[in-house]
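A.B. asks: The following block contains the structure, expressed as structure tokens.
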Amino acid sequence: MTTKELDSQYIVHTYGRADVCFVEGKGSELWDEDGKRYIDLGSGIAVNALGACDELWAKAVADQAAKLQHISNLYYTRPMAELAKIMCEKSGMKKVFFGNSGAEANECAIKTARKYGHDHKGEDCNTIITLQNSFHGRTIATLAATGQDVFHTNFGPFPEGFVYVPANDLEAMKKALTENKCAAVMMELVQGEGGVNALDRAYVQEVCKLAREQDTLIVIDEVQTGNGRTGAMYAYQLYGIEPDIVSTAKGMAGGLPMGACMFNERTENTLTAGLHGSTFGGNPVSAAGAVSILSRIDDALLADVRKKGEYIRETLKGAKGVKEVSGLGLMVGIAVEGDAKAILARAREMGVVVLTAKDRIRLLPPLNIPMELLIEGMDILKKAIAECC
Ligand SMILES: *Cc1c(COP(=O)(O)O)cnc(C)c1O
């Protein structure tokens, strides 16, 4: 049986997969089972932060796998401890909890915010305000946090206590903050799945100020924006705000499953022994991979991310079929005249892998994509966009 036949027979049909089976990757290039070569402008979905099979990353992971792959969280392990130090130093946050995915990181954020509300504001201060068009994950609680009705059919009842307001609408946020007994405001600074929409800086700063006045926590979901993606280590650093809780995942371990929730001085002691946990969370192999990736996301790489993001925006300016370009750094949304799904398929035929978000083309290339490959990839993508409009 072919891979496609096996998949179709034995795997639940939750994904609309493209008809390609990738077998190998090196940096920002991928090869399928027919030996066809592609330029990767998606990094999975912002996961392979330093591309496919980065040598230092692969060695760090292989060495740790050959040494000790897992021991429960009832014991100390070095990679996890070192990783937490790196994350705190690069973020200014105080402590880290490790899980395995974005949804799990957000579950931790939600639990912590609720506990903080109980401890500091009263039993019933548990409402979490999120934004319309947001995406926070696929578990029941993170689906409830997700402000898109399409995700809310079929799976109810959902946990209570989530209120959604339109992004960049300060009056709506003010009203929600006054009318509810709030534990937290939770938001992505660039809504990824929602179409790569960056929030207004002034709006975000004002929301943080209003929330702080009533001791309502600021939770920033950096699952997609984090780990260098936007040209800062974490996107909130671009917004000049000081969140109380930050969740992250996708790119942090360079391709291995890992998520984390970070806390500041306000929230670092909210979760105490026995209140939260994860069997696999922070496992040594993923942690060794994450140390290898995050320790190399330095000022020079971040400057490079911003420069390449600029290049993408420049080269798309006035291009045929391009209406608007959104996002920050190497997190790019392209509003197109044609159908985004058709463009994605055409680009893939022509040897470039891209993503979509709503009706936009979405680009999340490896942070270290070589300039020559980015230029080659963008030239092809522009042709695909022009052909499809
Ligand atoms: C992908 C994503 C999630 C969910 O992450 P999983 O690892 O798939 O659970 C949550 N929030 C944001 C902003 C994301 O982009």
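Just so it is clear, none of the values below were taken in a lab; they were calculated from the coordinates. Source: prediction; values computed, not measured. Ideal geometry is used to build each Cβ from the backbone, glycine not excepted, and the neighbour counts take in all protein chains shown.
A.B. asks: Answer rounded, prolate or oblate for region 218-333, using the Cα gyration tensor with square roots of eigenvalues a ≥ b ≥ c: rounded when a/c is under 1.5, else prolate when a/b is larger than b/c, else oblate.
C.D. replies: It comes out prolate by the Cα gyration axes.
A.B. asks: Quote to one decimal, in nm, the extra length available between D119 and D339 on full extension: 0.36 nm per residue of separation minus the C-alpha distance between them.
C.D. replies: Value of the extension gain: 74.2 nm.
A.B. asks: Further question on the same structure: Considering only DSSP beta bridges with both partners in region 137-278, what is the antiparallel share in %, to the nearest 5?
C.D. replies: 40
A.B. asks: Applying a 10 Å radius around every beta-carbon, put 16-23, 318-325 in order of their mean neighbour count, most first.
C.D. replies: Most protected by this proxy first, the peptides run 318-325, 16-23.
A.B. asks: Points 7 angstrom from Cα along the Cβ direction at E349 and T178: gap in nanometres?
C.D. replies: The two pseudo-label positions are separated by 5.6 nm.
A.B. asks: Separate question: So what are the ³J(HN,Hα) numbers for region 129-136, from phi and the Karplus equation (6.51, -1.76, 1.60; θ = phi - 60°), rounded to whole Hz, Gly and Pro as x?
C.D. replies: 8, 10, 9, 4, 6, 7, 9, 10
A.B. asks: Full-extension gain between E24 and A58, please, as 0.36 nm times their residue separation minus the C-alpha to C-alpha distance.
C.D. replies: 10.9 nm
A.B. asks: Ordered by residue, what ³J(HN,Hα) values in Hz, to whole numbers, does region 315-321 give under the Karplus form 6.51 cos²θ - 1.76 cosθ + 1.60, where θ = phi - 60° and Gly and Pro are x?
C.D. replies: With coefficients 6.51, -1.76 and 1.60, one gets 5, 8, 4, x, 5, 4, x Hz.
A.B. asks: Right, something else. Would you please classify the overall shape of region 269-389 from the alpha carbon gyration tensor, given that a ≥ b ≥ c denote the square roots of the eigenvalues, rounded means a/c under 1.5, and beyond that prolate means a/b larger than b/c while oblate covers the rest?
C.D. replies: Taking the square roots of the gyration eigenvalues as a ≥ b ≥ c, region 269-389 is prolate.
A.B. asks: Here is a follow-up. Quick one: which residues, 5 or more positions from G254 or on another chain, have an amide H under 5 Å from its amide H? H modelled 1.01 Å from N in the peptide plane, none for Pro or chain starts.
C.D. replies: The answer is A49.
A.B. asks: Once you place label points 7 Å from the Cα toward the Cβ at E314 and A66, how far apart are they in nm?
C.D. replies: 4.4
A.B. asks: Points 7 angstrom from Cα along the Cβ direction at T279 and T153: gap in nanometres?
C.D. replies: Label at T279, label at T153, 3.5 nm between them.
A.B. asks: Also, I was wondering about something else. Considering only DSSP beta bridges where both residues belong to the chain, give the percentage that are antiparallel (nearest 5).
C.D. replies: 60
A.B. asks: Further question: What pairs in K36/K67; K174/K341; K181/K358; K121/K250; K94/K308; K121/K209 have C-alpha atoms more than 29 Å from each other?
C.D. replies: K36/K67; K174/K341; K181/K358; K121/K250; K94/K308
A.B. asks: Please list 246-253, 370-377 highest first by mean number of surrounding beta-carbon atoms within 10 Å per residue.
C.D. replies: 246-253, 370-377
A.B. asks: Related question: Let me spell out the model: positive unit charges on the Cβ of Lys and Arg, negative unit charges on the Cβ of Asp and Glu, origin at the Cα centre of the chain. What dipole size does that give, in debye rounded to 20?
C.D. replies: That gives a dipole near 260 debye.
A.B. asks: Give me, ordered by chain and number, the residues 5 or more places off G259 or on other chains with an amide H under 5 Å from its own placed amide H.
C.D. replies: G99, N100, S101, G282
A.B. asks: Continuing with this model, one more query. With a/c under 1.5 counting as rounded, go ahead and sort region 185-277 into rounded, prolate or oblate using the C-alpha gyration tensor (a ≥ b ≥ c being the square roots of the eigenvalues; past the cut-off, prolate if a/b is larger than b/c, else oblate).
C.D. replies: In terms of gyration-tensor shape, oblate.
A.B. asks: Tally Lys and Arg at +1 and Asp and Glu at -1 over the other residues with C-beta under 12 Å from the C-beta of A235: what net charge comes out?
C.D. replies: -1
A.B. asks: Right, next: Can you run phi through the Karplus equation (6.51, -1.76, 1.60; θ = phi - 60°) for region 293-308 and list ³J(HN,Hα) in whole Hz, with x for Gly and Pro?
C.D. replies: Each residue of region 293-308 in turn: 6, 5, 5, 9, 7, 10, 4, 5, 5, 5, 4, 5, 4, 5, 5, 5 Hz.
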